[in-house]
Amino acid sequence: DDGYRLWLKYDKITDTAYYRVCQQHLQSFTIVGSSKTLEAAAKEIKKGLGGMLATDIKEVSFRDGQLILTKYKDLPVRLKKQFRQDNSSHEEGYFIRDIEEKGKRKIFIVGQEDIGVLYGTFHFLRTVQTRGRLEGLSIRNAPKVQWRMLNHWDNLNRTVERGYAGLSIWKWDELPNKIDERYVDYARANSSIGINAVAVNNVNASPNILTQEYLEKLAALTEVFRPYGIRLFISINFASPKALSGLPTADPFEPEVQRWWDNKVDEIYSIIPDFAGFLVKANSEGQPGPQDYGRSHVDGANVLARSLARHNGILIWRAFVYENKGNDRVKDPYDEFVSLDGQFLPNVFVQTKNGPLDFQPREPYSPLFGALPSTPQMMEFQITQEYTGFSTHLVYLAKLYKEVLDSDTYTDGQHAPVAQIVDGTLQGQSMTGMAGVSNIGDVQNWTGHPFAQANWYTFGRLAWDHELSSKQIAKEWIEMTLTHEPKAVETIMAIMESSYEHMVNYMMPLGLTVLSSGGHHYGPQPWQRAGFHNANKDGIGYNRTSTGSNAVAQYTEPLRRKFEQVETCPESLLLWFHHVPWSYHMRSGRTLWEELCFKYNDGVDGVRQMQQQWRAIHHQIDTATFEQVDRLLAEQEDEAVWWRDACLEYFSQISKLAIPTEYEAPRYKEEDLKKKEKQSQNLKHYSVARPYVMPQ
Ligand code: BDP
C-alpha cells in the first residue's frame, strides 16, 4: 500500500458476517435530485461500497433503492413527517436512518442541503469502514464550527514553508489547463472529514497570487473544490497595491488604496463568484502591514474587509505578531489585540495560534481566547510538525489539540473551555472557525510519515466536532487506514495516545520552549537561543510571574494565581512560567535537575516502547507500511537520543550537575553533537522557511 488513498481505502471487507450484512442491504442506491455535489456523493458510494463489497453498486429507482440519498425537502410527504424530528436546519447537517419502508429495509442519508447529503455519505461510508452496526442506524449530525479550514504555507514556486512532504501539490505551471487528479482526491479527503475551506498559499504571501494569471489558475481549482463544499481563501501581501500596480503607498488611509482593493476584489469575484476571502499576515516577521504607515491592525484589516464585504467575503487577520525587542514576546499578541476588540468590521476574524508563542511542543493556551468577546476568533493549529518532529517522528497531535480546546479560560469567572470560545457558544459569535496549517505535499502518501495522515484526519474531525475524544478519532483512523484486527487496533491506539507526551519529554519537557535550532528548527540547539530557557548555575525557566515579565497577568483568575505560584503551577508548564532552582523539589520527590534527566530519558524510553509495540503487530500491517514506520521509528529513537544528549549535556554544563548514573550513558558526546549540528544545516530534504521577500 503506497498510502495514496489515505483513510478512504475501501478495501474489500474480510469479516464474512459483516460482509454478508452489507451485501444484503447495500447493493443499490438512489440519488434524489441532481447537482455536482450529489454526483460526487454518488461517485463516492460507488467507489466506497463498490470497493468494500467488491461488486458494482447499482443506481436504481426510489422504490428499489436500498440506500437513499436525498435532501429533506425532496422526501415524499409521508417520510418527511416521519423524519421531522431528525431534521436539522443546519445547512451542512444531515441524518442517517435505517427504516422499514413498505416491507423493505432502507437506509436514508438525508441532508438539509446537497452538501449535507455528501457529508452524510462520507459518514455512512465511515460507519461501514469501521464496521459499525447498520441495523437501527440513527445518526443526526452537524458541525459545531462554521469554517473548518486548511492553511497551506505553499509558495508559488512550489516550495512549502515548514513542509516536510515534498513540493506543493499545486502545480501552478500546469494550471488552469491541466487539472491534476490529485486535486480531486484532495477535495474528497477534505470533504470526508468536513473541511470546508482552504487557503492555498503561504501567509508570507507573494503579491503575484493576485495577478489575473493566478486568479485564473485559482478559478480552475475552485471548480474542483466546489462540488465538495470547499471554499477558497488566498493569503495576500498587504503591500500588493505597491507591488502590483506601482501605487506609491499601501497606506490604508489613502483613498486610492481602498479603491485599489475594491477593484481587485471585484475582479476576483468576477472570476470566482464564491470566493471566500483573504488570510493576512501583517507586520509580523518582516511582512508589510498597516503599522508601516503608523496605522493599526484594525485600520489595515478594515480596508480589506470593506472591499470583501461587498461580496460577502471574509477577512482573516492573524494575531501572530511579536516585536523582538528583548521583551517577553509571548505577551505581544494579547497586548496588540485586546485594545482593538470590537473595532473590526463584522466580516473579520482574528486568527490566533493555539499558544502565545509559536507552535511549541507544549504551551499554555493563548490568553487571547476569551479576551476578545466582540471579535470572532479563529483557532490556528499547526498540523505540519515544524516543532514536533517534522515528518520523521510519530506524534499524534490530537492530544495537543484537545489539551488546548479543553483548557478552561474561566472567562467571566465561569467554566469556559477554549472550545466554547472557538465554537461561539460562550460569547455568542455566529462567525466561528478553526484552521490547521497543512502537512500535505506531493509525495505519494501526501504527508511523508504514514501517521502524519492521522493528524490531517484528526484536525478535520475535531474542527467538525471538538467533543470527539482523541481515542475515538484514533480508532476510526486506524480502522479506516491500517487494520481491523482488534488487538492491533488497541496497540496502535496505545502508540498514538502516548506519542505526544513522549515527544514533549524528549524535546522540551516541563514547559521548556525553543530548544530547537534556529532557522530550520530541526534538531536540538538549546545553546542557541538561551533567552527562552534562561538556564544559569542557579536554575532554569522563564519567569513570567509578577516578579518577571508578568505574562501571567494576561490570564483570568483563578488561573493567574494558579500559574503565578510555583506550588500550584502545573508541572507540565512549570518552566514556561517560572525560573526554578535546580534543587527545587518536584512532586515526584526528585529535584528539578533529576526530574529533567528523568523526563528526557523517559521520552527516549517511550519511543523504544513504541518501537516494540509496533513490531508486535507486524503481521497485521501491510508490509510496505510496516517497514516504513519501523524505519521511521528507528530514526525517531535516534533523534530522541540526540535531543536528550544535547539538552542534558548542555544543561549539565550550566548547572554543574552530573547526569545521575542510573541513566544510560549518552550516545552523542560533545564532538558528535557538533558534527550532527553541522550536518543538519545541510539537510536538503528538510524544507526551511522560504518567505517571499519583497523586491526592493
Ligand atoms: C513560524 C514559522 C514561520 C511562519 C510563522 C507564521 O517558523 O515559518 O511563517 O510561524 O506563522 O512558526 O507566520
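Each value in this text was obtained by applying a stated rule to the coordinates, not by laboratory testing. Keep in mind it's a predicted model, so treat the numbers as computed, not measured. Neighbour counts are summed over all protein chains in view; Cβ atoms, including those assigned to glycine, are modelled from backbone coordinates with ideal geometry.
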>> Suppose each label sits 7 Å from its Cα in the direction of the beta carbon; what would the Lys178-Gln444 distance come out to in nanometres?
In response: 2.0 nm
> What helices does the chain have that are whole DSSP H segments, at least 18 Å long along their own axis by Cα, and with mean Kyte-Doolittle hydropathy of 0.0 or more?
Replying inline: 114-129, 212-225, 486-507
> Near the amide H of Met378, under 5 Å away, which other amide H atoms are found, from residues 5 or more places off or on another chain, if H is placed in the peptide plane?
Replying inline: Val350, Gln351, Thr352
>> Once you order the gyration tensor axes a ≥ b ≥ c over the Cα atoms, which shape class does the chain get: rounded for a/c under 1.5, otherwise prolate or oblate by comparing a/b with b/c?
In response: oblate
>> Report the number of Lys pairs in region 541-696 whose alpha-carbons are under 21 Å apart, with separation of 8 or more residues or on distinct chains.
In response: 8
> Where the centroid of each part is defined by its Cα atoms, how far is region 484-518 from region 279-314 in Å?
Replying inline: 38 Å
>> What are the ³J(HN,Hα) couplings of region 276-291, residue after residue, when phi is run through the Karplus curve with 6.51, -1.76, 1.60 and θ = phi - 60°? Round to Hz, x for glycine and proline.
In response: 8, x, 10, 10, 10, 9, 10, 6, 8, 6, x, 6, x, x, x, 5
> Taking other Cβ within 10 Å of each residue's Cβ, how do Met434, Met610, Met496 sort, fewest first?
Replying inline: Met610, Met496, Met434
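Would you please put 456-463, 186-193, 31-38 in order of how densely packed they are, using the mean number of other Cβ atoms within 10 angstrom per residue and starting with the highest?
456-463, 186-193, 31-38
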>> Given the options Gly289, Val257, Phe320, identify the residue whose Cα lies farthest towards the positive end of the charge dipole of region 249-353 (+1 on Cβ of Lys, Arg; -1 on Cβ of Asp, Glu).
In response: Phe320
> Can you list the residues, at least 5 places off or on another chain, whose amide H is less than 5 Å from the amide H of Gln146, using H built in the peptide plane?
Replying inline: Thr432, Gly433
> Label point 7 Å out from Asp98 along Cα-to-Cβ: which residues of region 36-54 have amide N under 17 Å?
Replying inline: 49, 53
> Using unit Cβ charges (K, R positive; D, E negative) and no other charged atoms, how large, in debye to the nearest 20, is the dipole of the chain about its Cα centre?
Replying inline: 1440 debye
>> So, R0 is 41 Å and r is the distance between the beta-carbons of Lys43 and Val338; what FRET efficiency does that work out to, to 0.05?
In response: 0.30
> Within region 16-141, what percent of beta bridges assigned by DSSP are antiparallel, to the nearest 5?
Replying inline: 55 percent
> Convex hull over the alpha-carbon atoms of region 16-141: what's its volume per residue in Å³?
Replying inline: 92 Å³
> Once you put a point 7 Å from the Cα of Ile139 and another 7 Å from the Cα of Thr249, both along the Cβ direction, what distance in nm separates them?
Replying inline: 5.6 nm
> Sorted by packing (mean other beta-carbon atoms within 10 Å per residue), highest first, where do 308-318, 587-597 land?
Replying inline: 308-318, 587-597
>> Show me, for region 228-237, the HN-Hα J-couplings you get by feeding each phi into the Karplus relation (A = 6.51, B = -1.76, C = 1.60, θ = phi - 60°), rounded to Hz, glycine and proline as x.
In response: 8, x, 9, 9, 9, 10, 10, 7, 10, 9
> Out of residues 5 or more away from Glu59 or on other chains, whose amide H comes under 5 Å of its own, with H placed 1.01 Å from N in the peptide plane?
Replying inline: Phe29
>> Order 270-281, 99-110 from most to least packed using the mean count of other Cβ atoms within 10 Å.
In response: 270-281, 99-110
> Among the lysines, which fall within straight-line cross-link reach of Lys144, defined as a Cα-Cα distance under 20 Å, with same-chain neighbours fewer than 8 residues apart omitted?
Replying inline: Lys353, Lys399, Lys402, Lys471
> Among rounded, prolate and oblate, which fits region 147-481 when a ≥ b ≥ c are the square roots of the eigenvalues of its C-alpha gyration tensor, a/c under 1.5 means rounded, and a/b larger than b/c means prolate?
Replying inline: oblate
>> Need one number: nm distance between label points at Asp622 and Arg78, each 7 Å from Cα along Cα→Cβ, rounded to one decimal.
In response: 4.5 nm
> In sequence order, what are the phi-derived ³J(HN,Hα) couplings for region 515-532 according to the Karplus relation 6.51 cos²θ - 1.76 cosθ + 1.60 with θ = phi - 60°, rounded to whole Hz, with x for glycine and proline?
Replying inline: 8, 7, 5, x, x, 7, 6, 9, x, x, 8, x, 7, 7, 10, 5, x, 8
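Under the rule a/c < 1.5 gives rounded, and otherwise a/b versus b/c splits prolate from oblate, where does region 469-517 land using the Cα gyration tensor?
Numbers: a/c = 3.16, a/b = 3.07, b/c = 1.03.
Since a/c reaches 1.5 and a/b is larger than b/c, the shape of region 469-517 is classed as prolate.
Do any of Lys12/Lys46; Lys242/Lys281; Lys36/Lys264 go past 20 Å between their Cα atoms, and which?
Lys36/Lys264
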> At a Förster radius of 60 Å, what calculated FRET efficiency corresponds to the Cβ-Cβ distance of Ser469 and Glu256, to the nearest 0.05?
Replying inline: 0.70
> Please state the relative contact order of region 147-481 as a whole percent: Cα pairs under 8 Å, 6+ residues apart?
Replying inline: 19 percent
> Which FRET efficiency, nearest 0.05, do Asp408 and Asn324 yield, Cβ-Cβ r, R0 35 Å?
Replying inline: 0.65
>> As a footprinting exposure proxy, order Glu557, Glu336 by other Cβ within 10 Å, with the fewest listed first.
In response: Glu557, Glu336
>> Report the gain in length on full extension from Arg667 to Arg20: 0.36 nm times residue separation, minus Cα-Cα distance, nm rounded to one decimal.
In response: 227.4 nm
> Counting DSSP beta bridges with both partners in the chain, what percentage is antiparallel, nearest 5?
Replying inline: 30 percent
